[in-house]
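The values are calculated or read from the model by the stated rules, or taken from the named source; none is laboratory data. On a predicted model such as this, the values are computed, not experimentally measured, just so you know. Virtual Cβ from ideal backbone geometry, glycine too; neighbours counted across all protein chains shown.
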Ligand code: ATP
Ligand code: MG
Ligand code: MG
Ligand code: MG
C-alpha cells in the first residue's frame with residue numbers, strides 16, 4: 001500500500017480525550033476515530049489489525065472443531081425474559097420497540113439466542129456435542145465507557161457456546177476452549193495469564209479469565225508468590241470468605257414490605273426465627289447487600305456487639321463489621337446481582353429461602369435458593385483481599401495484587417439456560433435432559449488495545465508481528481530518482497513474495513516519515529537513501545528493539561524473515 005493513498009490521519013499531539021496509552025496511540029496512529037461515547041469507526045490500519053486477530057481466533061476455533069455462525073444483533077425480548085435476564089442486565093442493554101410494538105434489544109451477549117436456536121433443532125444425544133461461535137459486534141450501554149475500545153459501548157467479540165450432554169462433556173469442551181484461548185493469545189504475541197474468575201451475571205460454575213497485565217487494567221488480580229494460585233480479586237475474596245453463592249432462577253421479585261418485628265418477618269419468610277439466617281451483607285464495590293436477619297426482637301435494634309461477641313470476634317474486627325453494617329441502608333439495601341456475596345453461619349444451609357435485595361429500589365427477591373455449602377470465617381474477611389495477605393489456596397504464600405485487562409472469559413454455564421428455556425435433548429433411554437452449556441468470549445477490539453498497552457514506547461506502537469497491520473514499511477528518503485526507482489522495485493518485489501508492505505511515497509520530510517513509521521509501529525522499516533544506495537545497502541530497523549542494521553541490497557530478500 002502506498003502511504004500517499006492510505007487513509008491514515010495521524011496526530012502529533014496526544015488527544016485530550018485519551019488517558020491511557022493505547023487509546024492515545026490508536027487515535028494518534030490513525031487507527032480509529034470516535035463517533036460517540038464508547039463508539040468508534042475503525043480506519044484502514046485499525047481494521048487491518050482487527051482482521052488479523054479475528055483470523056487467528058478463527059483458526060484456533062476451527063481447529064478445536066467449533067463451527068462459525070452469525071447470530072442476530074437485534075434480539076427479541078422474549079428469549080431474555082425466558083432466561084430471566086431481561087431485568088438482570090437492566091440498563092446495560094439497549095432496548096427498543098419495533099413498529100409493531102414488539103420489544104427488542106441489541107445483543108450484549110448471545111447465550112439466549114444460541115439456546116433458542118438449538119432448542120428446536122437438537123433432538124437427540126447424537127446431535128451433541130456442538131460448539132458454535134461467531135465474531136460479531138456486541139452492544140452494551142456501559143455506565144462508564146472509557147479508555148477507547150478497552151471499554152466501548154459497541155465492541156467486537158468472538159463468542160462461542162458449547163453444548164454437551166453432561167458435565168463430563170462440558171469439562172472437555174471447556175478444556176478445549178481453554179487450550180484454544182492460550183494459543184490465540186500466544187499467537188497474537190500477547191502475554192496473557194489465566195486466572196480464576198467469578199461467574200457474575202452469566203451464572204454457572206467454573207470460570208477463568210484471561211488477563212493481560214497492565215497498569216491501565218480495570219481488574220485486580222491476586223497472585224500467590226508460593227503456589228500457582230491466580231484469581232480475580234472478586235473471586236479471591238469470595239474464596240477467602242469461603243462463601244460463594246449463586247442465585248437460582250426461581251425467585252420472586254417483590255416489593256419490599258415494611259417489616260418491623262421478628263414475628264412479622266417469620267410470617268413473611270415462612271421460616272421460624274430459630275432457623276433464620278444470621279447473615280450479613282457483604283458490600284462489594286459499595287453495591288451488594290444482603291438482608292440482615294437475626295433472632296433479635298426488633299430488627300431496628302439488633303445488638304451488634306452481642307452478635308459479634310457470639311461469633312468470637314476481636315474488637316478490631318467488630319469495628320470493621322460495624323462499619324460495613326452501617327453502610328447497609330436499612331433492612332434491605334440495593335443490590336447488584338452480579339456482585340452478590342454473603343457470609344452466613346451454618347444454619348443458612350438449612351434455609352429454604354432468603355431475602356436478597358433487588359437491583360431496584362424498594363424491591364427484593366424472595367425464596368432465593370442458595371447453592372453451595374458455606375463455611376464461616378471471621379467477619380474481617382468481608383474485606384476484599386489485599387497485597388501481602390495469605391494465599392487462600394496454599395495458605396503459605398503471600399498474595400501480590402496486580403492490575404490486568406480482561407481479554408477473554410470462559411464459563412461453565414451448566415444447565416441454567418437450557419432449563420429456563422427448555423432446551424432439551426433425548427438421552428439413550430429417550431428421556432428428555434437439559435443441554436449442558438458453556439460460554440466463551442474474547443474481546444477482539446479490547447485485545448487490540450491490550451496489545452498496544454503491552455507493546456509501546458515513547459515513539460509509538462510496537463506491533464507484535466502476527467497482528468501488525470503491515471509487516472514492512474519502506475521509507476524512500478529524498479527526491480533522488482535512483483532512490484525512487486529502487487524503492488519501488490523493492491516494494492514490488494517484497495509484495496510479490498507475499499509480504500504486506502507499506503511504502504511511504506508521500507512528499508514529506510524525512511523526520512515526518514520516521515516519526516509516522518514509529519508511531520504506527522510497523523515491525524520492520526527499510527530506509528532507502530542515496531548515500532546508502534551508493535554503498536549497496538539499505539538500513540533496516542526492527543521496531544521491537546529499535547535496532548538498526550545494514551542489509552546488502554542483494555541479500556535483502558533472503559535476510560527478511
Ligand atoms: P468487564 O468485566 O471488563 O466489564 P465482562 O466481564 O463484562 O467485561 P464478558 O461478558 O466476560 O465481559 O465478555 C467477554 C469479553 O468481552 C471480555 O472478556 C472482554 O474482553 C470483552 N468485553 C466485555 N465488555 C467489553 C466492552 N465494554 N468493551 C470492549 N470489550 C469488552
Ligand atoms: Mg462488563
Ligand atoms: Mg469481567
Ligand atoms: Mg467477563
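Of all residue pairs spaced 6 or more apart or on separate chains, those with beta-carbon atoms under 7 Å, a first member in segment 428-447 that is free of Cβ contacts under 8 Å to residues at least 60 places away in the same chain and a second member that is away from ligand 4 (no atom under 16 Å from the Cβ) are 432/424; 432/426; 434/415; 434/418; 434/419; 434/423; 434/424.
Taking helices (runs of 4 or more DSSP H) as the structural unit, those lying wholly within segment 5-105 and holding at least 1 residues that are closer than 24 Å to residue 159 by Cβ and modelled with pLDDT of 95 or more correspond to 21-28, 44-63, 77-82.
Just one residue in the set 504, 481, 457, 516 is more than 30 Å from residue 169 (Cα to Cα) and free of Cβ contacts under 8 Å to residues at least 24 places away in the same chain; that residue is 481. Does residue 167 meet the test of being touching a residue at least 40 places away in the same chain (Cβ under 8 Å), within 16 Å of ligand 2 (Cβ to nearest atom), under 21 Å from residue 83 (Cβ atoms) and out of contact with any helix residue (DSSP H, G or I) (no Cβ under 7 Å at 6 or more places or on another chain)? No.
Annotation: of all residues in segment 388-411 being within 23 Å of the chain's Cα centre (by Cα) and surrounded by fewer than 22 Cβ atoms within 10 Å (Cβ to Cβ), the one that is nearest to ligand 1 (Cβ to nearest atom) is 403.
Filtering segment 122-148 down to residues that are in a helix (DSSP H, G or I) and touching a residue at least 40 places away in the same chain (Cβ under 8 Å), which residue is nearest to ligand 2 (Cβ to nearest atom)? Ranking the candidates gives 148 first. Put simply, of 184, 135 the only residue that is crowded, with 23+ Cβ neighbours inside 10 Å, modelled with pLDDT of 95 or more and in contact with a helix residue (DSSP H, G or I) (Cβ under 6 Å, 6 or more places away or on another chain) is 184.
Screening residue 79 against (1) within 16 Å of ligand 2 (Cβ to nearest atom); (2) closer than 30 Å to residue 171 by Cβ; (3) surrounded by 21 or more Cβ atoms within 10 Å (Cβ to Cβ) leaves a single unmet condition, (1).
Condition check for residue 214 on (1) within 16 Å of ligand 4 (Cβ to nearest atom); (2) under 22 Å from residue 19 (Cα atoms); (3) touching a strand residue (DSSP E or B) at 6+ places or on another chain (Cβ under 9 Å): one failure, at (1). Which residue pairs have Cβ atoms under 8 Å apart, sit 6 or more places apart or on different chains, and have a first residue in segment 181-205 that is farther than 25 Å from residue 54 by Cα and within 12 Å of ligand 1 (Cβ to nearest atom) and a second that is assigned to a loop (DSSP other than H, G, I, E, B) and at pLDDT 75 or above? Here the result reads 201/85, each pair linking segment 181-205 to a residue that is assigned to a loop (DSSP other than H, G, I, E, B) and at pLDDT 75 or above.
Given the criteria surrounded by 19 or more Cβ atoms within 10 Å (Cβ to Cβ), away from ligand 3 (no atom under 16 Å from the Cβ), at pLDDT 95 or above and under 15 Å from the mean Cα position of the chain (by Cα), does residue 156 qualify? Considered against the rule, which asks whether it is surrounded by 19 or more Cβ atoms within 10 Å (Cβ to Cβ), away from ligand 3 (no atom under 16 Å from the Cβ), at pLDDT 95 or above and under 15 Å from the mean Cα position of the chain (by Cα), residue 156 comes out as yes. In this structure, residue 171 does not satisfy being under 17 Å from residue 65 (Cβ atoms) and surrounded by 19 or more Cβ atoms within 10 Å (Cβ to Cβ). Count of segment 91-125 residues, restricted to those that are surrounded by fewer than 19 Cβ atoms within 10 Å (Cβ to Cβ) and within 16 Å of ligand 3 (Cβ to nearest atom), is 1. One residue stands out in segment 438-449 among those that are under 16 Å from residue 42 (Cα atoms) and near ligand 1 (Cβ under 9 Å from one of its atoms): the one that is surrounded by the most Cβ atoms within 10 Å (Cβ to Cβ), namely 447.
If you go through segment 482-507 and keep only what is closer than 28 Å to residue 467 by Cβ and exposed (fewer than 14 other Cβ atoms within 10 Å of the Cβ), you end up with 492, 493, 496, 497, 498.
For segment 398-426, the tally of residues that are over 30 Å from residue 215 (Cβ atoms) and either in contact with a strand residue (DSSP E or B) (Cβ under 7 Å, 6 or more places away or on another chain) or within 16 Å of ligand 3 (Cβ to nearest atom) (or both) stands at 11.
A count restricted to segment 447-465 and to residues that are within 19 Å of residue 193 (Cα to Cα) and part of a helix (DSSP H, G or I) stands at 8. Among all residues of segment 483-491, there is none that is assigned to a loop (DSSP other than H, G, I, E, B) and either out of contact with any helix residue (DSSP H, G or I) (no Cβ under 9 Å at 6 or more places or on another chain) or at pLDDT 95 or above (or both). Looking across segment 205-220, the residues that are part of a strand (DSSP E or B) and within 15 Å of ligand 3 (Cβ to nearest atom) come down to 207, 208, 209, 210, 211, 212, 219, 220. Within segment 409-418, the residues that satisfy the criterion of being away from ligand 2 (no atom under 16 Å from the Cβ) and touching a residue at least 24 places away in the same chain (Cβ under 8 Å) are 412, 413, 414, 416, 417, 418.
Applying the condition of being part of a strand (DSSP E or B), more than 12 Å from residue 398 (Cα to Cα) and touching a helix residue (DSSP H, G or I) at 6+ places or on another chain (Cβ under 9 Å) to segment 221-236 and asking which residue is nearest to ligand 1 (Cβ to nearest atom) yields 221. Annotation note: Cβ proximity below 8 Å between a residue of segment 521-537 that is exposed (fewer than 15 other Cβ atoms within 10 Å of the Cβ) and a residue that is in a strand (DSSP E or B) (sequence gap 6+ or interchain) occurs for 535/550; 536/552.
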